[in-house]
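In what follows, a structure is listed as structure tokens, so that the remarks can point back to it.
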Amino acid sequence: MRLFCRDWRATTLLVAAVLVAWTFAEPKLPLPQQVYRYAFVVDVTQSMNVRDYHVDNMPPDRLNFAKESIRQAVRELPCGSEVGLGIFTTRSVQLLFEPIEVCEHLPVIDDVLAHIDWRMAWAANSFIEQGIYAAIRDIKKRDPSVRLAFFTDGQEAPPQTIRPNFFEKPGEIAGLIVGVGGLQPTTVPKYDRENRLIGYWENTDIAQIPESTTAYQTTEAAPRLPHEGYYLSWLDENHLRELSATTGLRYHRLETPQALMEALRAPEFAERRTTWTDIRWLLGLAALLLFASVYLVAGDESSKRV
């Protein structure tokens with residue numbers, strides 16, 4: 001011990017080595033930090049199979065583009081953040097799992113996300129408005145502090161002549177409506193249950209008369225589909241912006257994973273929580289500074305002797 005006291009450099013190097021060794025134990029401390037809690041709901045209706053993305057190293061179809069964007073965004077969320085996954089089809093939402101911590105459960109999140117598929121849809125119709133309202137009600141019932149991120153192209157199929165009432169308080173559930181797809185009308189691929197392309201959806205395949213219940217309010221009649229030709233799909237931004245204004249959810253058009261990540265990490269969606277935080281980087285930085293101090297001071301002493 002006296003030897004170390006006489007030679008501060010040996011003591012400093014020993015402390016630095018201990019700090020480095022400590023990092024292998026993956027130490028964590030409870031520290032306050034900004035985290036995010038999201039329920040990602042993905043539209044799996046067949047219009048999400050449209051291939052209208054043209055971004056390098058990204059899938060061309062809407063569904064897989066959305067999934068890959070979510071996967072990349074989740075990896076950028078700070079540890080302590082939580083993510084749940086769900087799917088939408090027809091008029092309802094099914095949550096696959098409730099929000100779980102992203103760093104500890106990243107392989108699980110990746111695996112479930114990879115297996116989300118259009119064949120999980122239990123009906124072909126797409127009532128976007130009802131789906132978003134259902135997601136808001138579900139989150140409000142489970143945990144109102146969770147943010148919603150609802151991924152959809154916004155296209156109602158069949159076109160609606162009636163609109164459902166929104167009974168919740170706008171902005172009570174925070175989050176994003178994420179518009180997926182391009183603005184140009186594009187044919188919708190038709191696949192068999194083995195995921196083989198067998199053609200394209202036509203207008204005659206789409207039902208013309210929407211269902212009605214007492215939960216609806218009547219609005220102006222929607223345009224009727226033509227009797228012939230291919231059914232065309234595009235990102236219905238006007239409709240999604242209207243839903244954004246009604247619900248208080250922000251609208252974001254999905255163009256790149258990076259822009260999505262920035263939207264998800266907006267300050268208003270964060271919450272401050274005390275979480276077990278990995279401090280290996282801090283120990284490593286301290287060890288590096290100690291090593292550097294030994295050699296910098298040693299070099300300075302050598303130059304003075306010269």
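The values are calculated or read from the model by the stated rules, or taken from the named source; none is laboratory data. Computed from a prediction, not measured in an experiment: that's the story for all the values here. Backbone-built Cβ (ideal geometry, glycine too); neighbour counts: all protein chains shown.
Remark: pairs (first residue in the range 62-79, touching a residue at least 12 places away in the same chain (Cβ under 8 Å); second residue surrounded by 22 or more Cβ atoms within 10 Å (Cβ to Cβ) and hydroxyl-bearing (Ser, Thr, Tyr); Cβ separation under 6 Å; 6+ apart in sequence or on different chains) = 77/36. Tell me, which residue of the range 54-77 that is touching a strand residue (DSSP E or B) at 6+ places or on another chain (Cβ under 6 Å) and under 16 Å from residue 38 (Cβ atoms) is surrounded by the most Cβ atoms within 10 Å (Cβ to Cβ)? Ranking the qualifying residues of the range 54-77, first place goes to 66. Close Cβ contacts (under 6 Å, 6 or more residues apart or on different chains) running from residues in the range 151-176 that are free of Cβ contacts under 8 Å to residues at least 60 places away in the same chain to residues that are among the acidic types (Asp, Glu) comprise 164/129. Do we have residue 99 as touching a residue at least 40 places away in the same chain (Cβ under 8 Å) and not acidic (Asp, Glu) here? Yes, satisfied.
If you go through the range 111-158 and keep only what is surrounded by fewer than 16 Cβ atoms within 10 Å (Cβ to Cβ) and touching a helix residue (DSSP H, G or I) at 6+ places or on another chain (Cβ under 6 Å), you end up with nothing.
Counting only residues that are loosely packed, with under 15 Cβ neighbours inside 10 Å and either not assigned by TED's automatic domain parsing to the domain that holds residue 151 or not aromatic (Phe, Trp, Tyr) (or both), the range 181-204 holds 12 of them.
Hand me the list of strands (runs of 3 or more DSSP E) wholly inside the range 9-107 holding 1 or more residues that are within 28 Å of residue 158 (Cβ to Cβ) and either in contact with a helix residue (DSSP H, G or I) (Cβ under 6 Å, 6 or more places away or on another chain) or modelled with pLDDT under 95 (or both).
Because the criterion is at least 1 residues that are within 28 Å of residue 158 (Cβ to Cβ) and either in contact with a helix residue (DSSP H, G or I) (Cβ under 6 Å, 6 or more places away or on another chain) or modelled with pLDDT under 95 (or both), the strands (runs of 3 or more DSSP E) in the range 9-107 that meet it are 37-43, 82-89, 92-101.
Is it true that some residue in the range 239-255 is among the basic types (Lys, Arg), more than 30 Å from residue 202 (Cα to Cα), surrounded by 14 or more Cβ atoms within 10 Å (Cβ to Cβ) and modelled with pLDDT under 95? No, that holds for no residue.
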